[in-house]
Amino acid sequence: MREFASTLSTGKPVHYEYDPEGDLLEIVFRRAEATGAVELTESIILRFDLATSEPLSLSLIGFSRLIRPAKYGMQHFRLLADEWPDELREKVSAMLHSAPLNDFLQVGSYTPRRARRPIPLAAIKQPQALAQFV
């Protein structure tokens, strides 16, 4: 296990725990017991305090694959928003658009030509900066 620490744009500390054997990067914003969790994508899990909607950590599973450059810029991953419980959807969306999550994830959408609604997507911001942990 490799551990690192730094400071976020907000001035708050952040801790990184990388497990090379499992290729898992855990980004810890605050050490506390999570009372809520959602699978943002097939490889990104958000843990948070349900009462305050405070993000506690992000788990990036298959981390080296997630930060691999794509042919045409950043890789984007489908957000599993349809699978989030109705009572959490707004909370999770608000967290994704606020610090500290928006320091690490960029959220957007894509609307295929004949789609009825947009497909929500996320990309890892500055993957080359995070690559130092691998």
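Bear in mind that the values in this text are calculations on the coordinates, not laboratory data. Only a predicted model underlies this, so the values are computations on that prediction, with no experimental measurement involved. A quick note on method: Cβ atoms are made from the backbone with ideal geometry, for glycine too, and the neighbour counts reach across all protein chains shown.
In table form, for the structure just shown:
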| quantity | calculated |
| --- | --- |
| Answer residue from the range 80-108, given it is out of contact with any Leu (no Cβ under 6 Å at 6 or more places or on another chain) and not in a helix (DSSP H, G or I) and is nearest to Ala131 (Cα to Cα) among those | Leu105 |
| Cβ pairs under 9 Å, 6+ apart, first in the range 84-105 and in contact (Cβ under 8 Å) with a residue 24 or more places away in the chain, second in a loop (DSSP other than H, G, I, E, B) and among the basic types (Lys, Arg) | Ala99/Lys12; Pro100/Lys12; Asp103/Lys125; Phe104/Lys125; Leu105/Lys125 |
| Residues of the range 39-62 that turn out to be out of contact with any Leu (no Cβ under 9 Å at 6 or more places or on another chain) and either surrounded by 18 or more Cβ atoms within 10 Å (Cβ to Cβ) or outside any loop (DSSP other than H, G, I, E, B) (or both), as a count | 1 |
| Check on Phe77, among the aromatic types (Phe, Trp, Tyr), over 10 Å from the mean Cα position of the chain (by Cα) and over 21 Å from Pro118 (Cα atoms) | no |
| Hits in the range 15-38 - residues which are free of Cβ contacts under 8 Å to residues at least 12 places away in the same chain, more than 14 Å from Ser64 (Cα to Cα) and part of a loop (DSSP other than H, G, I, E, B) | Glu33 |
